[in-house]
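Undergrad: My structure is below; once you've seen it, I'll send some questions.
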Amino acid sequence: MDEAMHTITQKRFLRGSQQFAIEGHTLRLERRRGFSWEQRCFDLHDFQPEPLRIRHVPLGRILLLLVAIASAGMLLTWGMRTAHDNTSATAVFFGLLLAFAIPVIALLTCVGFVNVTAFQGAFIQTRLWHNLPDKATFDEFLGVLSERIRASRGHGHTILRDLRLANIIDDQQYHQAKELLKGRASGDLNSQEDG
């Protein structure tokens, strides 16, 4: 199996940037958003090899935005036509208030759109922004990640993970068994090379 490091860097407006790096059987994630920075590491055998595609359209926010635009337009139009009436000042005030709120609602609506590809495990999930930085790079990274997850799950880690999740073995026993499996796998490779 190719043990080379594979990376992908994704950037989105208002969402910051995230960089994924696959090193052996480990996935490193570095995420930056504004002044915040987060770094996490995951064992690949904890993930399912098939990615999950998630697409979310914030219909409620879109509807709220359309209602706000229509209401602001109606209040301002009605307030301007009845300029000599007492209620016209109130209508103009609320129309202007809605007009200033519309960009905020529009921004929240844009942020609410989600189009990601997720890899899930028992207790974890990591999300890649779909087709960023470009489709070819994204598809290549996705293929390498799925292949590495399959390879890591084939080393007996699946049984160990299931035993750990069922609380049959504790963390120390889990890590000892992982080390034994790694040693056994490298011993098998050395015996094959000698033979």
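The values are calculated or read from the model by the stated rules, or taken from the named source; none is laboratory data. All of these numbers come straight from a predicted model, not from anything done at the bench. With ideal geometry, Cβ positions are generated from the backbone for all residues, glycine too; neighbour counts draw on all protein chains shown. Ligands, DNA and RNA are stripped out before the accessible areas are found, and what is left, the full protein with its side chains, is counted by its heavy atoms. Shrake-Rupley method; radii C 1.70, N 1.55, O 1.52, S 1.80 Å.
Undergrad: So with the 1.4 Å probe, I'd like the accessible area per residue for the chain, rounded to whole Å². List each step's numbers first, then the result.
TA: Working: 12460 Å² over 195 residues.
Ligands and nucleic acids excluded, the result is 64 Å² per residue.
Undergrad: A further question follows. Given labels modelled 7 Å from the Cα in the Cβ direction, how far is it in nm from L14 to W37?
TA: With each label placed 7 Å out from Cα toward Cβ, I get 2.6 nm.
Undergrad: While we're here: Would you mind putting 134-140, 75-81, 33-39 in packing order, based on average other-beta-carbon counts within 10 Å, highest first?
TA: Values: 134-140: 12.0, 75-81: 15.4, 33-39: 9.1.
Going by the mean number of other Cβ atoms within 10 Å, highest first, we get 75-81, 134-140, 33-39.
Undergrad: Let me ask something else about it. For region 1-103, what does the equivalent ellipsoid look like in terms of its semi-axes, each the square root of 5 times an eigenvalue of the Cα gyration tensor, given largest first in whole Å?
TA: Output for region 1-103: semi-axes of 53, 15, 9 Å.
Undergrad: Could you rank the peptides 165-171, 142-148 by their average count of other C-beta atoms within 10 Å per residue, with the highest value first? Working shown, then result.
TA: Numbers: 165-171: 10.0, 142-148: 17.3.
Going from most to least packed, we get 142-148, 165-171.
Undergrad: Right, next: Using a 1.4 angstrom probe on the protein heavy atoms only, line up L160, L59, L181 by accessible area, largest first. Intermediate results must be reported in sequence, preceding the final value.
TA: Values: L160 20, L59 125, L181 45 Å².
Ranked list, largest accessible area first: L59, L181, L160.
Undergrad: Considering the dipole of the chain built from charges on the beta carbon (Lys and Arg +1, Asp and Glu -1) around the Cα centre, which of P51, N167, A177 is farthest to its positive end?
TA: P51
Undergrad: Tell me, what % of the accessible area of the chain is carbon and sulfur with a 1.4 angstrom probe? Walk me through the numbers before you get to the answer.
TA: Numbers: 7510 of 12460 Å².
Roughly 60 percent, rounded to a whole number.
Undergrad: Using the Cα centre of the chain as the reference point, and only Cβ charges (+1 on K/R, -1 on D/E), how large is the resulting charge dipole? Debye, rounded to the nearest 20.
TA: On the way: 22 positive and 20 negative charges, 198 e Å.
Dipole size: approximately 960 debye.
Undergrad: Pop the C-beta distance of A136 and E50 into the FRET formula with R0 = 25 Å and round what comes out to the nearest 0.05. Working shown, then result.
TA: Values: r = 21 Å, r/R0 = 0.83.
Rounded to the nearest 0.05, the efficiency is 0.75.
Undergrad: Right, here's the next one. Looking at Q120, L63, P133, which one has the Cα that reaches farthest to the positive end of the dipole of the chain (charges on Cβ: Lys, Arg +1; Asp, Glu -1)?
TA: L63
Undergrad: Counting only complete DSSP H runs, which helices of the chain cover 20 Å or more along their long axis at the Cα atoms and score a mean Kyte-Doolittle of 0.5 or above?
TA: Answer set is 59-81, 86-112.
Undergrad: Okay, moving on. So if each residue of separation counts as 0.36 nm, and I subtract the Cα-Cα distance between L29 and A101, what length gain in nm does that give? Write down the numbers at each step before the final one.
TA: On the way: separation 72, 0.36 × 72 = 25.92 nm, distance 3.57 nm.
Net length gain for the segment: 22.3 nm.
Undergrad: Moving to a separate point now. How long is the gain from T90 to L163 if the chain were fully straight, where each residue apart is worth 0.36 nm and the alpha carbon distance is subtracted?
TA: On the way: separation 73, 0.36 × 73 = 26.28 nm, distance 6.70 nm.
Length difference between fully extended and current span is 19.6 nm.
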